[in-house]
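The values are calculated or read from the model by the stated rules, or taken from the named source; none is laboratory data. This one's a predicted model, so the numbers in the text were calculated from it and none came from an experiment. Because the Cβ atoms are built from the backbone with ideal geometry, glycine has one as well, and the counts that use them run over all protein chains shown. Quick note on the areas: whole protein, heavy atoms, side chains included, nothing else; ligands and nucleic acids left out. Shrake-Rupley method; radii C 1.70, N 1.55, O 1.52, S 1.80 Å.
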Amino acid sequence: MSTKETFGRYLEQFEVGEVIEHWPGRTINEADNTWFSLMTMNQHPVHIDANYASKTQHGQRLVVGTLVFSIVVGMSVSDISGHAI
C-alpha cells in the first residue's frame, strides 16, 4: 500500500454500518489524567484528589471525559480523517 492509501480514506470509500477498529489501543494512566487536568485547569477534586474521590460513589478518581475524547480522536486520524484536508 502506498502512503496515500494508509492515511485515511475519502468519503466515498466508507460503507454504511462499517465498524472501524483502531489499533493499537491506548491505556489511560494516572499521570495522563493528572497532566490533562492540570493543562485544562480542571480543578474538580474527583479527577485530581485521591482522598476526595475515594469517598464518592465511584471510590476512585475519574478520568476526565475530554481526555478520552481527545485520545479517541487522535487515534482515529490515520484511519478516518487523513484525507480531510
task = Give me the accessible area per residue for the chain, probe 1.4 Å, as a whole number in Å².
result = 79
request  = Calculate how steeply helix 30-39 sits against the longest principal axis of the alpha-carbon atoms of the chain, using the helix alpha-carbon long axis, and give the answer as 0 to 90 degrees to the nearest 10.
outcome  = 90
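Among F69, F14, F36, what's the order by accessible area (1.4 angstrom probe), most exposed first?
Result of the area sort, largest leading: F69, F14, F36.
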key: Sum of side-chain charges, M75 neighbourhood, beta-carbon under 15 Å (Lys, Arg +1; Asp, Glu -1)   = -2
query = Accessible area of R9, 1.4 Å probe, to the nearest 10 Å²?
reply = 60
remark   = The Kirkwood hydrodynamic radius of the chain, taken as the inverse of the mean 1/r over all distinct Cα pairs, in Å, comes to 15.3
ask   = Out of T56, T34, T66, any idea which swings most in a Gaussian network model of the chain, alpha carbons joined below 10 Å?
value = T56
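Express the carbon and sulfur contribution to the solvent-accessible surface of the chain as a percent, rounded to the nearest whole number, probe 1.4 angstrom.
Of all accessible area on the chain, carbon and sulfur atoms account for 59 percent.
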